[in-house]
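Have a look at the structure below before the remarks.
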Amino acid sequence: MTTLTVLRIAEIAVAELHKKIKEAFEVFDHEVNNTVDVREIGTIVRSLGCCPREGELHDLIAEVEEEEPTGYVRFEKFLPVMTNVLLERRYRPIPEDILLRAFEVLDPLKRGFLSKEELIKYMTEEGEPFSQEEMEEMLSAAIDPESNTIHYKDYVTMMVIDEN
């Protein structure tokens, strides 16, 4: 492959990334003025397959916000930062086997599930606590309403992002 061919392939790949980023950004550009509410940045970043921790998301927002924060992020500022994030494959999701092992640690009896109460306790009392909104969102997706439990193998399978 010639250097020119490699450069052309890279150029096409970057153009495709720009298109994906623009499409994700436009979903939240309600005023159609190339800006989005800063509170939507996490959703946009996650829709592009990235899973930053809260601290990483705050750092990213600080990088794309204006010098004097307005509460909005401009596309021109977001595009180069998000392009680099995607090219560097930053904020990759946690692999399925590691997520599964994390749930198994919380289930010493190896039942294959956790009760809603156990899950709430772990989410609010251990490690970095979930906000009320995060907890409600997870519970609505994770808890089986009939048994009031989370069958974590099924939940992990549902959560994992297919990178293909």
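The values are calculated or read from the model by the stated rules, or taken from the named source; none is laboratory data. Computed from a predicted structure; not experimentally measured. Don't worry about glycine lacking a Cβ; one is built from the backbone with ideal geometry, like all the others, and counts go over all protein chains shown. Ligands, DNA and RNA are excluded from the accessible area calculation, which covers all protein heavy atoms including side chains. Shrake-Rupley method; radii C 1.70, N 1.55, O 1.52, S 1.80 Å.
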- line: Every listed condition ((1) under 17 Å from the mean Cα position of the chain (by Cα); (2) assigned to a loop (DSSP other than H, G, I, E, B); (3) exposed (fewer than 15 other Cβ atoms within 10 Å of the Cβ)) holds for residue 69 save (1)
- request: Output the residues belonging to region 37-57 that are open to solvent by 40 Å² or more (accessible area, probe 1.4 Å), under 17 Å from residue 137 (Cα atoms) and small (Gly, Ala, Ser).
  value: 47
task: Could you list, in sequence order, all residues of region 2-44 that are more than 15 Å from residue 79 (Cα to Cα) and of a type in the set (A, V, I, L, M, F, W, C)?
output: 4, 6, 7, 9, 10, 12, 32
task: Take the residues in region 124-144 that are under 18 Å from residue 154 (Cβ atoms) and not β-branched (Val, Ile, Thr), then tell me which one is most open to solvent (accessible area, probe 1.4 Å).
output: 137
query: Among the residues of region 23-38, how many are within 27 Å of residue 95 (Cα to Cα) and either in contact (Cβ under 8 Å) with a residue 12 or more places away in the chain or small (Gly, Ala, Ser) (or both)?
result: 2
- request: Inspect region 38-53 for any residue being part of a helix (DSSP H, G or I) and more than 17 Å from the chain's Cα centre (by Cα) and give the result as yes or no.
  value: no
message: For residue 147, only one of the following conditions fails: (1) more than 18 Å from the chain's Cα centre (by Cα); (2) open to solvent by less than 30 Å² (accessible area, probe 1.4 Å); (3) among the hydroxyl-bearing types (Ser, Thr, Tyr). What is its number?
response: (2)
query: Applying the selection to region 54-66, what residues are in a helix (DSSP H, G or I), without any contact (Cβ under 8 Å) to a residue 24 or more places away in the chain and not β-branched (Val, Ile, Thr)?
result: 55, 57, 58, 59, 62, 63
